Amino acid sequence: MTARLDGVPAPRVLPVLRRPRLPFSPWHLLLVPLALVFAAPLVWLLLSSVMSNAEINRFPPALWPSHLDFSGYRYVLDNALFVRWFTNSLIVSAVTVVSNLLFGTLGGYAFARMRFTGSRVLLGLMIATMAIPFQLTMIPTFLVMKELGLIDTLGALIVPSLVTPFAVFLLRQFFLSLPRELEEAAWIDGCSRLRVLFTIVLPLSRPALSTVAVLTFLSTWNDLTWPLIAVNHDTVYTLQLGLTTFQGQHHTNWAAVMAGNVITVLPVLLAFLGAQKTFIQSITSSGLKG
């Protein structure tokens with residue numbers, strides 16, 4: 001204790017104890033275990049793909065392969081139609097992604113910036129269709145495709161998904177978050193609406209466009225129900241539908257099923273990891289206005 005000039009003892013200064021800081025966010029203590037739980041099926045899928053059928057069918061199941069067995073991969077890649085199925089899925093997914101980006105952009109911009117008779121009613125009806133399960137529209141869609149002569153062709157898998165309400169709605173929400181002043185300045189300079197859209201709005205909308213592309217690719221690539229109904233010939237099968245042929249009524253080649261699923265999941269993982277940052281950015285920004 002020290003004394004001041006007036007003789008009154010000065011208060012004692014206690015050292016400030018600092019709380020130890022973690023080298024990571026406390027949220028990681030919760031997120032890491034959750035991430036491990038969600039990653040467990042993928043790890044099990046990868047390990048099972050390099051097991052033999054005997055190890056996969058053993059009870060209790062083997063948690064680790066006794067040796068690396070690539071017979072499942074050889075069976076899948078030696079299948080003459082596997083490359084055809086992969087190509088079909090790639091074509092359907094690519095065309096669907098491009099069409100959703102194009103038509104979703106035009107529709108979303110129209111709902112966001114243009115006011116026309118019945119625009120709010122049409123927007124409400126479009127959003128309402130998102131609540132209708134596909135099982136209710138499956139038969140009418142099949143009848144329409146049959147009248148168009150597209151059954152058992154890749155067109156039957158592409159046409160119903162050329163544009164989705166989700167793509168229009170998400171892009172519309174993102175366009176609403178952009179300042180109008182940028183577009184008004186371009187209009188004063190004599191730019192048309194389409195030129196403003198493609199030269200000013202779209203470069204600023206890359207996060208939303210990436211999100212629409214990734215989600216459309218995921219839903220189309222993983223779709224099994226509609227291809228199971230719309231196509232019958234094995235040369236038109238998509239990858240998901242083709243993998244079901246590895247499962248028989250009396251015998252299933254589980255090693256081939258696991259290996260085929262690993263090959264199927266890889267494009268999906270790469271697409272999501274490549275657009276992860278823009279995906280999160282779009283989800284957070286698309287709800288700012290609307």
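In the set (1) at pLDDT 80 or above; (2) within 18 Å of the chain's Cα centre (by Cα); (3) buried (at least 16 other Cβ atoms within 10 Å of the Cβ), Ser286 fails one condition alone, (1).
Of the helices (runs of 4 or more DSSP H) lying entirely inside the stretch 216-274, those carrying at least 2 residues that are under 22 Å from Ile56 (Cβ atoms) and touching a Gly at 6+ places or on another chain (Cβ under 6 Å) are 254-274.
Taking the stretch 150-175, which residues are open to solvent by less than 50 Å² (accessible area, probe 1.4 Å), assigned to a helix (DSSP H, G or I) and within 20 Å of Thr238 (Cβ to Cβ)? Within the stretch 150-175, Gly155, Ala156, Leu157, Ile158, Ser161 qualify.
Is it true that Ala35 is surrounded by 11 or more Cβ atoms within 10 Å (Cβ to Cβ), under 30 Å from Leu125 (Cβ atoms), out of contact with any helix residue (DSSP H, G or I) (no Cβ under 7 Å at 6 or more places or on another chain) and without any contact (Cβ under 8 Å) to a residue 40 or more places away in the chain? Spelling it out, it is not the case that Ala35 is surrounded by 11 or more Cβ atoms within 10 Å (Cβ to Cβ), under 30 Å from Leu125 (Cβ atoms), out of contact with any helix residue (DSSP H, G or I) (no Cβ under 7 Å at 6 or more places or on another chain) and without any contact (Cβ under 8 Å) to a residue 40 or more places away in the chain. Going by the structure shown, is Leu102 open to solvent by 70 Å² or more (accessible area, probe 1.4 Å) and either under 26 Å from Ser210 (Cα atoms) or touching a helix residue (DSSP H, G or I) at 6+ places or on another chain (Cβ under 8 Å) (or both)? Answer is yes for this residue. Only one of the listed residues (Glu147, Glu181) is among the acidic types (Asp, Glu), surrounded by fewer than 12 Cβ atoms within 10 Å (Cβ to Cβ) and modelled with pLDDT of 90 or more. That residue is Glu147. Look through the stretch 54-78, keep the residues that are touching a residue at least 60 places away in the same chain (Cβ under 8 Å) and open to solvent by less than 90 Å² (accessible area, probe 1.4 Å), and return whichever of them is nearest to Thr235 (Cα to Cα). Per the criteria, the residue is Val76.
Is it the case that Leu224 is closer than 30 Å to Ala80 by Cβ, under 23 Å from the mean Cα position of the chain (by Cα), of a type in the set (A, V, I, L, M, F, W, C) and surrounded by 15 or more Cβ atoms within 10 Å (Cβ to Cβ)? I'd like the intermediate steps shown before the answer.
Values: closer than 30 Å to Ala80 by Cβ: yes; under 23 Å from the mean Cα position of the chain (by Cα): yes; of a type in the set (A, V, I, L, M, F, W, C): yes; surrounded by 15 or more Cβ atoms within 10 Å (Cβ to Cβ): no.
For Leu224, the condition - closer than 30 Å to Ala80 by Cβ, under 23 Å from the mean Cα position of the chain (by Cα), of a type in the set (A, V, I, L, M, F, W, C) and surrounded by 15 or more Cβ atoms within 10 Å (Cβ to Cβ) - is not met.
Given the criteria β-branched (Val, Ile, Thr), over 20 Å from the mean Cα position of the chain (by Cα) and either open to solvent by 50 Å² or more (accessible area, probe 1.4 Å) or over 30 Å from Ala112 (Cβ atoms) (or both), does Thr244 qualify? Write out each step before concluding.
Details: β-branched (Val, Ile, Thr): yes; over 20 Å from the mean Cα position of the chain (by Cα): yes; either open to solvent by 50 Å² or more (accessible area, probe 1.4 Å) or over 30 Å from Ala112 (Cβ atoms) (or both): yes.
For Thr244, the condition - β-branched (Val, Ile, Thr), over 20 Å from the mean Cα position of the chain (by Cα) and either open to solvent by 50 Å² or more (accessible area, probe 1.4 Å) or over 30 Å from Ala112 (Cβ atoms) (or both) - is met.
Looking at this structure, is Leu81 in contact (Cβ under 8 Å) with a residue 40 or more places away in the chain, of a type outside the set (Gly, Ala, Ser) and surrounded by fewer than 15 Cβ atoms within 10 Å (Cβ to Cβ)? Answer is yes for this residue. Among the residues of the stretch 202-257, those that are touching a residue at least 24 places away in the same chain (Cβ under 8 Å), under 30 Å from Met51 (Cβ atoms) and among the polar types (S, T, N, Q) comprise Asn222, Thr225, Thr238, Gln240, Asn253. Kindly evaluate Gly124 against the criterion of being buried (at least 16 other Cβ atoms within 10 Å of the Cβ) and in a helix (DSSP H, G or I). Against the criterion (buried (at least 16 other Cβ atoms within 10 Å of the Cβ) and in a helix (DSSP H, G or I)), Gly124 does not qualify.
The values are calculated or read from the model by the stated rules, or taken from the named source; none is laboratory data. Computed from a prediction, not measured in an experiment: that's the story for all the values here. Glycine also receives a Cβ, built like all others from the backbone with ideal geometry; neighbour counts cover every protein chain displayed. The area values use the complete protein model at the heavy-atom level, side chains included, leaving out ligands, DNA and RNA. Shrake-Rupley method; radii C 1.70, N 1.55, O 1.52, S 1.80 Å.
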